[in-house]
Amino acid sequence: MEISGEPFFFNGIQIRIDKIKDIYKYTDDEIKHLFQVAKQDGFTVVNAQIRWMDVQPDQSYMATETTYIADGNYRFKYEKQI
């Protein structure tokens, strides 16, 4: 791919917003700084998920409240197919 006649090299990194916000307790300014560091390091793309709690913080649901599991069995059974 070329942009303005120059080669464009795609190289990306993923920033795990859930981990840095919930586990490491980064502030919004610290997260913004991470994106700036990625840019300064030459990454052309930064992937980050959008958390529902950031989009609509007034609603939260437990997974068991919003999920239906067949026959009411919450255990996952893995059967290897041969």
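The values are calculated or read from the model by the stated rules, or taken from the named source; none is laboratory data. Please read these numbers as outputs of a predicted model, since none were measured by experiment. Counting neighbours? That spans all protein chains shown, and the Cβs are built from the backbone with ideal geometry, glycine included. These area figures cover heavy atoms from the full protein model, side chains too; ligands, DNA and RNA do not enter into them. Shrake-Rupley method; radii C 1.70, N 1.55, O 1.52, S 1.80 Å.
Return the pairs, sorted by first residue and then second, in which the second residue is open to solvent by 100 Å² or more (accessible area, probe 1.4 Å) and at pLDDT 90 or above, the first residue lies in the range 1-22 and is under 18 Å from Val45 (Cα atoms) and among the hydrophobic types (A, V, I, L, M, F, W, C), the beta carbons are less than 9 Å apart, and the residues are 6+ apart or on different chains.
Note: pairs meeting the criteria are Ile13/Asp41.
Within the range 50-61, which residues are exposed (fewer than 10 other Cβ atoms within 10 Å of the Cβ) and either over 21 Å from Asn11 (Cα atoms) or touching a Lys or Arg at 6+ places or on another chain (Cβ under 7 Å) (or both)?
If the condition is that a residue be exposed (fewer than 10 other Cβ atoms within 10 Å of the Cβ) and either over 21 Å from Asn11 (Cα atoms) or touching a Lys or Arg at 6+ places or on another chain (Cβ under 7 Å) (or both), then Val55, Gln56, Pro57, Asp58, Gln59, Ser60, Tyr61 are the ones that fit.
For the range 4-49, which residues satisfy the criterion of being at pLDDT below 85 and open to solvent by 80 Å² or more (accessible area, probe 1.4 Å)?
Phe9, Phe10
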